[in-house]
Structure formats: structure tokens, C-alpha cells
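Novice: Sharing a structure here in C-alpha cells format.
Derivation of every value follows stated rules applied to the coordinates shown; laboratory data play no part. Note that the structure is predicted; figures quoted are calculated from it, not measured. We place every Cβ from the backbone using ideal geometry, glycine too, and count neighbours over all the protein chains shown.
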Amino acid sequence: MAKTARKQHGNDAPAPAKRPSLGIIVGALIVIGGVAWLLFGRGTGADIATPAVSDDPTLALGQRLYAANCAACHGANLEGEANWRQPNADGTLKAPPHDANGHTWHHDDTYLLNVIRFGGTSPSSRMPAYNERLNDEEIEAVLAYIKSRWPPDIAAAQPK
């Protein structure tokens, strides 16, 4: 019987290697770029809205004072107590968040400064007065720090 011909024209050179398709190259670049973004480039909205605290002495003071006096109840990241909308078993209120999820930004600065100075006014409030622990400059620095953490739209919505 007949032997199978190697090549039609007697050319024994190997066939050229197939090049990867353009779709595979583009797909690989997208995957690599996505992984790089996840590892190195992803930020949060808070990153965009938050000025560098170390660049502003008032904000740096406010951050230190907040950490020492407020974070135990209101959270290190201003997140408030868990289930803050639900009263405690004794009817007292939980510490609300001071971030965009809370209601702090619904009040003007005068009201907020007075709450920090003199504490909560309702019998259900557990907010202590800080006017004997912090001076006016320190209280204002705490509020400035809290407000510096708000996104621009929340800061703009705060009553003046």
C-alpha cells in the first residue's frame, strides 16, 4: 500500500508556531491589572474624604483626644456601638456613630460642642460632660477631627 506523504511539496520544515490570539493577550492584561489594583490601588471613600491628620495640628490633637476619650464608646473608626439604634435593657441609649451612618452631622457645631462640653441632656443619655476634662480648644479639636472624617457630601449637608 502507499506510504503517507510527509508533505505535499516535499517541505520537511516544521509548521510555524501559533501565536496567542489577541483576545488571550487582552484578557491576561485585564486580569493582571485587576490583581494589581486589588493589591495596591484600591482605596475607600474615607481615604478620599479624610485629610492627612498629621498635616494639621488641630486634627492631630483631635485624633489623639478622640482616641483617649471617645473611641471606647463611639468606636475607633467613629462607627458607634453595635445596634446603636436599639436602647439598652435599662433604657439608656447606646453611643451613636459619628461617621456618615450616624446622625451627628444632622446637628450644627454649637449643638455638638455643647453635647461634648455638658454631656447628653436626656435621662436616657450616657454621654458624659467633658468640660472639666478638656478645655475649649481641645473640645473643638475633637469635633474638627470627627468632621474631617465625613465624606464631602455629608459635611456639606451639616446645618450651619
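Novice: Can you tell me which residues in region 60-74 are assigned to a helix (DSSP H, G or I) and touching a helix residue (DSSP H, G or I) at 6+ places or on another chain (Cβ under 9 Å)? Show your work before the answer.
Specialist: Residues of region 60-74 assigned to a helix (DSSP H, G or I): 60-69, 71-74.
A60, L61, G62, Q63, R64, L65, Y66, N69, H74, listed by residue number.
Residue-by-condition table, conditions (1) loosely packed, with under 15 Cβ neighbours inside 10 Å; (2) within 22 Å of the chain's Cα centre (by Cα); (3) aliphatic (A, V, I, L, M):
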{"site": "V53", "(1), (2), (3)": "no, yes, yes"}
{"site": "Q63", "(1), (2), (3)": "no, yes, no"}
{"site": "E79", "(1), (2), (3)": "no, yes, no"}
{"site": "L93", "(1), (2), (3)": "no, no, yes"}
{"site": "S125", "(1), (2), (3)": "yes, no, no"}
{"site": "Y130", "(1), (2), (3)": "no, no, no"}
{"site": "L134", "(1), (2), (3)": "no, no, yes"}
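Novice: Working only within region 134-160, note down all residues that are aromatic (F, W, Y) and more than 14 Å from H103 (Cα to Cα).
Specialist: Filtering region 134-160 for residues aromatic (F, W, Y) gives 145, 150.
Once the filter is applied, which keeps residues that are aromatic (F, W, Y) and more than 14 Å from H103 (Cα to Cα), region 134-160 yields only Y145.
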